[in-house]
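The values are calculated or read from the model by the stated rules, or taken from the named source; none is laboratory data. Just so it is clear, the structure is predicted and the values come from calculations on it, not from any experiment. When we count neighbours, we look across all protein chains shown, and the Cβ atoms used for this are built from the backbone with ideal geometry, even at glycine.
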Amino acid sequence: MPTFSRRNLLAGAALLGAGLANRGAFAAVPEAPYPARGPATEVPPPPTGGRAYNPVVTLNGWSAPWRWKNGWKEFHLVAEPVLREIAPGMTAHLWGYNGQSPGPTIEAVEGDKLRMFVTNKLPEHTTIHWHGILLPSGMDGVGGLTQPQIPPGKTYVYEFEMKKSGTFMYHPHADEMVQMAMGMMGFFVVHPRDPGQHRVDRDFVFLINAYDIDPGSYTPKIATMLDFNLWSWNSRVFPGIDHLVARQGDRVRIRMGNLTMTNHPIHLHGYDFRVTGTDGGWVAPGAQWPEVTVDIPVGSMRAVEFTADTPGDWAFHCHKSHHTMNAMGHKVPTMIGVDHHGLAGRLVSLVPDYMVMGERGMADMGEMEMPLPENTLPMMTGTGPFGPIEMGGMFSVLKVRRGIARGDYTDPGWYQHPPGTVAYEWKGA
Amino acid sequence: MPTFSRRNLLAGAALLGAGLANRGAFAAVPEAPYPARGPATEVPPPPTGGRAYNPVVTLNGWSAPWRWKNGWKEFHLVAEPVLREIAPGMTAHLWGYNGQSPGPTIEAVEGDKLRMFVTNKLPEHTTIHWHGILLPSGMDGVGGLTQPQIPPGKTYVYEFEMKKSGTFMYHPHADEMVQMAMGMMGFFVVHPRDPGQHRVDRDFVFLINAYDIDPGSYTPKIATMLDFNLWSWNSRVFPGIDHLVARQGDRVRIRMGNLTMTNHPIHLHGYDFRVTGTDGGWVAPGAQWPEVTVDIPVGSMRAVEFTADTPGDWAFHCHKSHHTMNAMGHKVPTMIGVDHHGLAGRLVSLVPDYMVMGERGMADMGEMEMPLPENTLPMMTGTGPFGPIEMGGMFSVLKVRRGIARGDYTDPGWYQHPPGTVAYEWKGA
Amino acid sequence: MPTFSRRNLLAGAALLGAGLANRGAFAAVPEAPYPARGPATEVPPPPTGGRAYNPVVTLNGWSAPWRWKNGWKEFHLVAEPVLREIAPGMTAHLWGYNGQSPGPTIEAVEGDKLRMFVTNKLPEHTTIHWHGILLPSGMDGVGGLTQPQIPPGKTYVYEFEMKKSGTFMYHPHADEMVQMAMGMMGFFVVHPRDPGQHRVDRDFVFLINAYDIDPGSYTPKIATMLDFNLWSWNSRVFPGIDHLVARQGDRVRIRMGNLTMTNHPIHLHGYDFRVTGTDGGWVAPGAQWPEVTVDIPVGSMRAVEFTADTPGDWAFHCHKSHHTMNAMGHKVPTMIGVDHHGLAGRLVSLVPDYMVMGERGMADMGEMEMPLPENTLPMMTGTGPFGPIEMGGMFSVLKVRRGIARGDYTDPGWYQHPPGTVAYEWKGA
């Protein structure tokens, strides 16, 4: 059984410079687990207590431990300001749970009785809504409507039983636009009572989110409706998103939930897949469609499945091309076809840092070293085994290899292509 | 059988200051029905003539009566400027039908022959397209392409037979961007010939629309593509949208059509449901997916169904969080983490009305009394049994209760939770 | 068998003022086919070599010929700047393939082995990703990740076998935001090995794209995320999009792929249809939904099918009403209800060209002759058999007629409605 680690709790508290304010009042509240190793994916151990299940792997996240108490599975979520490394080179001031945004993934099993302690360490009130879970109206977490808002400094308790397995999430239903724009959300998986049901070999989960953080600043603008400039998975952008590793032949499930303000068509190279579940339940095989891109609506979850039978490095990304760019990519003027030769000289005399960009396209951007504002990621970046990848945002790679051990998620490095299987330059017949 | 009410007609005409211009010419045109009681939902009586059917309930709207004439069901729609209360405290100058936007819901039965009289009292030409209805090309209502545009002051006649049951709508296909941006649209339901087929206990309908009305003004900007600030259902926003009332155990259908410029993921708390119909027809049970959020594309209808087996007050809303805010929510700067103490003093000396907002989040907005421009709704508002709800736009509540009578849609007040079923403050073990 | 036409090659080269730079190096490369007749739809001849199939018809495009070489089907795509007539009166400076944007449709048959020569005549590097095709990782076309970028002036070779039939596309995976915003994309159809499988009578294909070209200019702005002003099918807008012609009773398939930045709900009048295929494969009949609008996500393909049993002129368009408008439609202020009489006089004295628009709606725009900037299309335009159609952008007409010959796609003119089947003016009883 996962245990609560005091070390982790203290590490989190130290990071944020704020311990629990009133230890006495929390005597019976489980300690709140904090992430141990920063933003890297923490593969959870198999459960050693309670009903058996096959844990999911949260991309750049972790699963919350719990404790048993008289037949209840108790979790503790602390809503609070957090620091999130969006990718190496950029850290954002977000709001989240237990020291991170998103908060830890909740994993339970059909039939479990859950008691969720929620402590509010934000400067304003909050609640948690358990999206997709069937529960009594008073546990639904809609501030004002089904419960009082949770004031700063207070801890509230939710209790409900898991009626069905599936793919869910949690987020505030209080000052909702602001709190979700600040990063408050987490994944919630309910495993089937029979661990052989809906079984796969690898089961990845992440939430799709978006931020509007001006270059050079740290805090998201909370009233943006459309013009976000950081399109993220679990509050990470390329090249900060971990790769998905699978053993050749594995049955792979990827579960995604969307809490942005627009649909995200998530595209996987090399495979077709089927949507096998939503936040409403499992999709019957006869109702499934083959797809290579799953369009995930806002406020919706999709689980897709495929058999990883072809080895390689397979791009996996949102297909809206702006969503695979980082900030600065959205307000660049077209220079294509414009002759800068005279112009550049004159501009440089006026603006010493002026650089001529984009006259022949923008591919140079993937390679050049350009001075960027503090705390700002390049618009497009990344280097692969064959050169610049020129991506950002919602982009990662599915790495399928032979000979990977069950349960091993270690990055295997770049794929070694067999001779004659890579596009090649034509040198003449 | 519904009858045409002269009183209603006159009331509508008086409201708008314009009667039918030429009574003589309309001797054989049915009187145009006008809504009787403002924007509240008018539950239609069961039909007493023609083929039997189970009427739908149009949220904050009504169903158009008709008359029989030699085997034809005759309706009369008048396209005209209207005043629509968007929510208490705000009225918009829209264009609609029969004194309202949306126009009245058309209800017919498979096999009915319909004759639609359409009178144009707008300052420009118009047409009506019967979206989803299978009919002769010349009755399709595309101005210029399948018929002449209907000039101001003229009445046109459409005649077609209902080939199949389903969920449809009507709207202009003339100066389409403008006329739909001004609110011209209505629901159109064709009931099955056999009233036992696709039968449910409660059948709600509404159209999803959006307006861009600057704070302090009354008329929508008609060229907005994306940056709408009023996200509405049947031209109403929270708290102006009526609640949906259901008896515990009822089979409930909600039919929605989207005439905005973006997808709306409509989320229901407390239940999973299935999409059972579109504007193309009924979805076979084997093809249905379980969902808790239905993503409704533009120019599409979705009927969702579920059994209301769990009592309570269940939030029902678009899951794009900006769409549950009213105007002013889209251009607010981030103040989170900013210390205003010095700043506020200086600003107040410059701008006497300056208020420091959002330093700790925006939840205060749900409670505070802030001076608003004339004819402008608060960004977030509403009060529930437990305090401020902090919503706007596309938000309502499904109220499921025991002991409600069949056909009773009266608001039953807030849900009384049984002891121990509401999230509670932790006071220590 | 289609043959490579030297005439076409030379025509294309002359048009662009640039032949192949180094003839010697390309001795064994197939000549690159160029479109023969400008932007009109070129119906491909039936294949006379290789496996039999029923060719698709690319709206305002053409299919690429190939040559056989030792059991390989060889194609040659040249990435290069192109001139595209968007509609009569407007030409854009785009990037495309083989002299056009989109590039030619690739048609192959399940089991075919394809060798794709790709020559880069752009000013920056590029690659081609074969979207939806199952192939070795090294042929997947992701620059940096699965292959080196293709430098300007070089030709690369991709080799892969068609594992399954379906609806696919190709586009760069290098400086992707820019290169797709400039128009680089093409359709890719793989026909079933058995030509009787999934057989239809007419099979139309096109890609959905969008451009942001300021009125008066020629080159798309490449960093636009949302505010596009030209919403196009195969880089054409109404009235530049060819009509779709079908014989009454034909089984018709329309395949569409979306490479814009938002969903497009494509609506067909007069029919309901079913989605029978995606870029992931064919959808089982039991999983299909009836629809009248198919919402096509970004990075996705949809094939819809119906039987054209009702004759007429049926509008076929994106249902986002801004997407059936051309540029200038997105920033027009509301004048509805404003009395310009005094204002106009004063404005005309200041701005001699000032025109009072929109006081009574915008329908006048469909008829008026207004001075437009050079190379700019009217916001709404087009004339049908009954007057102004008032459309732009993603709008076309499906023309269903009796007595059209199999394989004939000639525009049959406007539909002649039988007496009594067109909406008519009411003249009194």
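Brief remarks on what is shown
- Residues in the stretch C:259-271 that are within 12 Å of chain A (Cβ to nearest Cβ), of a type in the set (A, V, I, L, M) and under 22 Å from C:His243 (Cα atoms): C:Leu259 only.
- Scanning the stretch C:303-323 for residues that are at the interface with another protein chain (Cβ under 7 Å from one of its Cβ atoms), of a type outside the set (S, T, N, Q) and under 20 Å from the mean Cα position of the chain (by Cα) gives C:Trp314, C:Ala315, C:His319, C:Lys320, C:His322.
- Residue check, C:Arg274 among the basic types (Lys, Arg), in contact with a strand residue (DSSP E or B) (Cβ under 8 Å, 6 or more places away or on another chain) and away from every other protein chain (no Cβ under 13 Å): no
- Filter pass, B:Gly286 being touching a residue at least 40 places away in the same chain (Cβ under 8 Å), within 7 Å of chain A (Cβ to nearest Cβ), of a type outside the set (Ser, Thr, Tyr) and not in a strand (DSSP E or B): no
- In the set (1) within 21 Å of the chain's Cα centre (by Cα); (2) surrounded by fewer than 24 Cβ atoms within 10 Å (Cβ to Cβ); (3) within 30 Å of C:Phe228 (Cα to Cα), the condition left unmet by B:Gly183 is number (2).
- The single condition among (1) part of a loop (DSSP other than H, G, I, E, B); (2) touching a residue at least 40 places away in the same chain (Cβ under 8 Å); (3) within 8 Å of chain A (Cβ to nearest Cβ); (4) of a type outside the set (Gly, Ala, Ser) that B:Val397 does not meet is (1).
- Leading residue by the ranking (surrounded by the most Cβ atoms within 10 Å (Cβ to Cβ)) among those in the stretch A:28-47 that are touching a residue at least 24 places away in the same chain (Cβ under 8 Å) and of a type in the set (A, V, I, L, M): A:Ala32
- Matching entry among C:His198, C:His173, C:His243 (being surrounded by 23 or more Cβ atoms within 10 Å (Cβ to Cβ) and in contact with a strand residue (DSSP E or B) (Cβ under 7 Å, 6 or more places away or on another chain)): C:His173
- Among residues that are within 14 Å of chain C (Cβ to nearest Cβ), within 16 Å of B:Lys320 (Cα to Cα) and touching a residue at least 60 places away in the same chain (Cβ under 8 Å), A:His243 is not included.
- Selection over the stretch A:235-253 of residues that are under 22 Å from A:His191 (Cα atoms) and small (Gly, Ala, Ser) gives a count of 1.
- Note on the stretch C:170-198: residues that are part of a loop (DSSP other than H, G, I, E, B) and within 26 Å of C:Thr119 (Cβ to Cβ) amount to 8.
- Residue selected from the stretch C:48-64 under the condition under 21 Å from C:Tyr97 (Cβ atoms) and over 14 Å from the mean Cα position of the chain (by Cα), by the criterion surrounded by the most Cβ atoms within 10 Å (Cβ to Cβ): C:Ala64
- Taking the stretch B:290-302 as the range and being under 21 Å from A:Gly166 (Cβ atoms), within 7 Å of another protein chain (Cβ to nearest Cβ) and either surrounded by fewer than 23 Cβ atoms within 10 Å (Cβ to Cβ) or in contact (Cβ under 8 Å) with a residue 24 or more places away in the chain (or both) as the test, the residues that pass are B:Pro290, B:Val292, B:Thr293, B:Asp295.
- Contacts under 6 angstrom Cβ, first residue in the stretch B:154-171 being at the interface with chain C (Cβ under 9 Å from one of its Cβ atoms), partner assigned to a loop (DSSP other than H, G, I, E, B) and surrounded by fewer than 22 Cβ atoms within 10 Å (Cβ to Cβ), 6 or more apart: B:Thr155/C:Trp426; B:Val157/C:Trp426
- Boolean, B:Gly216 is under 30 Å from A:Asp227 (Cα atoms), in a loop (DSSP other than H, G, I, E, B), more than 7 Å from chain C (Cβ to nearest Cβ) and touching a residue at least 40 places away in the same chain (Cβ under 8 Å): yes
- Some residue of the stretch A:219-240 being among the small types (Gly, Ala, Ser), closer than 28 Å to C:Gly138 by Cβ and touching a strand residue (DSSP E or B) at 6+ places or on another chain (Cβ under 7 Å): yes
- Strands (runs of 3 or more DSSP E) fully within the stretch A:103-169 that include at least 3 residues being among the hydrophobic types (A, V, I, L, M, F, W, C) and assigned by TED's automatic domain parsing to the domain that holds A:Gly50: A:106-109, A:113-120.
- For the stretch A:127-149, the candidate set comprises residues that are buried (at least 24 other Cβ atoms within 10 Å of the Cβ) and more than 8 Å from chain B (Cβ to nearest Cβ); within that set, the residue that is nearest to A:Val205 (Cα to Cα) is A:Ile133.
- Within the stretch C:223-239, residues that are assigned to a strand (DSSP E or B) have Cβ atoms under 6 Å from residues that are surrounded by 24 or more Cβ atoms within 10 Å (Cβ to Cβ) and hydroxyl-bearing (Ser, Thr, Tyr) in these pairs: C:Leu230/C:Tyr211, counting only partners at least 6 apart in sequence or on another chain.
- Residue in the stretch B:228-238 that is surrounded by fewer than 21 Cβ atoms within 10 Å (Cβ to Cβ) and outside the structural domain of B:Ile106 (by TED's automatic domain parsing) present: no
- Unique residue being surrounded by fewer than 24 Cβ atoms within 10 Å (Cβ to Cβ), over 14 Å from C:Pro39 (Cα atoms) and touching a Ser or Thr at 6+ places or on another chain (Cβ under 7 Å) when the list is C:Glu74, C:Glu85, C:Glu110: C:Glu110
- The residues listed here are A:Thr119, A:Thr91, A:Thr146; of these, the one that is at pLDDT 95 or above, hydroxyl-bearing (Ser, Thr, Tyr) and under 24 Å from A:Thr278 (Cβ atoms) is A:Thr146.
- Of the set (1) among the hydrophobic types (A, V, I, L, M, F, W, C); (2) more than 8 Å from chain A (Cβ to nearest Cβ); (3) within 24 Å of A:Tyr424 (Cα to Cα), all apply to C:Phe206 but (3).
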